[in-house]
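One structure is given below, encoded as structure tokens.
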Amino acid sequence: MMGVSSSVFSGATLTIRLEKSTTSDSDGTFHTRALLHLTGALNQTIELEDILGELMYVSPSGYDRFNYENAETVAVVTAWWAGQGEEIYITQFHDPHTLTVEHRYGDESGVCFPPGMIADLPLSGDVEIDLENFGLPTVERSSIDFPCTEP
């Protein structure tokens with residue numbers, strides 16, 4: 001289950017630090033547990049659900065679906081395991097000023113589920129976002145970056 005705790009501060013910078021650990025169960029399935037720690041303009045910790053596979057950072061700049069008129073997607077992380085993909089993306093909207101964290105699922109048959117909202121947080125205005133512990137993008141594309149249909 002995801003958990004969210006938060007308090008809002010005025011400030012021009014928001015740091016988002018990714019903390020993750022990957023384990024393997026007795027069947028050999030990899031599971032990633034992750035937290036997003038937000039400090040600066042927000043003081044928040046977001047716990048992400050159990051993610052199948054290893055969570056990897058992807059640059060969102062090459063994705064048409066992340067091109068918004070009034071927002072920017074600042075980070076995408078993705079995982080793939082046994083024909084199923086997941087992605088979590090973080091977006092800063094400029095009007096109204098909010099930060100969202102969304103989780104989307106898809107599979108190799110081309111079926112994708114609509115994104116689920118993990119967090120929708122108000123901001124006092126536009127903020128500069130610094131990413132920590134994401135590293136350089138480790139894969140070029142998201143695990144579910146393909147045309148897909150809803151179930």
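A few points about this structure:
- Hey, residue 85 under 15 Å from the mean Cα position of the chain (by Cα), surrounded by fewer than 14 Cβ atoms within 10 Å (Cβ to Cβ) and more than 17 Å from residue 16 (Cα to Cα) or not: no
- Any pair with Cβ under 7 angstrom, 6 or more apart, that starts in the stretch 88-112 at a residue that is closer than 25 Å to residue 149 by Cβ and ends at one that is among the basic types (Lys, Arg) and part of a strand (DSSP E or B): 112/104
- All positions within the stretch 92-120 that are under 14 Å from the mean Cα position of the chain (by Cα) and not polar (S, T, N, Q): 99, 101, 102, 103, 104, 105, 115, 116, 117, 118, 119, 120
This table checks each residue for (1) surrounded by fewer than 16 Cβ atoms within 10 Å (Cβ to Cβ); (2) at pLDDT 90 or above; (3) within 19 Å of residue 19 (Cα to Cα); (4) of a type in the set (Asp, Glu).
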| position | (1), (2), (3), (4) |
| --- | --- |
| 34 | no, yes, yes, no |
| 39 | no, yes, yes, no |
| 44 | no, yes, yes, no |
| 51 | no, yes, yes, no |
| 58 | no, no, yes, no |
| 65 | yes, no, no, no |
| 69 | yes, no, no, yes |
| 79 | no, yes, yes, no |
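- Subset of the stretch 95-119 [surrounded by 13 or more Cβ atoms within 10 Å (Cβ to Cβ) and either touching a helix residue (DSSP H, G or I) at 6+ places or on another chain (Cβ under 8 Å) or among the acidic types (Asp, Glu) (or both)]: 102, 107, 108
- Scanning the stretch 138-150 for residues being over 11 Å from residue 76 (Cβ atoms), surrounded by 13 or more Cβ atoms within 10 Å (Cβ to Cβ) and touching a residue at least 60 places away in the same chain (Cβ under 8 Å) gives a total of 1.
- Residue count, the stretch 121-137 (criterion: under 15 Å from residue 58 (Cα atoms) and either surrounded by fewer than 14 Cβ atoms within 10 Å (Cβ to Cβ) or more than 17 Å from the chain's Cα centre (by Cα) (or both)): 4
- Per-region count, the stretch 48-62, residues within 23 Å of residue 121 (Cβ to Cβ) and in contact with a Lys or Arg (Cβ under 8 Å, 6 or more places away or on another chain): 5
The values are calculated or read from the model by the stated rules, or taken from the named source; none is laboratory data. Please read all numbers here as calculations on a predicted model, not as lab measurements. Quick reminder, even Gly has a Cβ in these numbers, built from the backbone with ideal geometry, and neighbours come from all protein chains shown.
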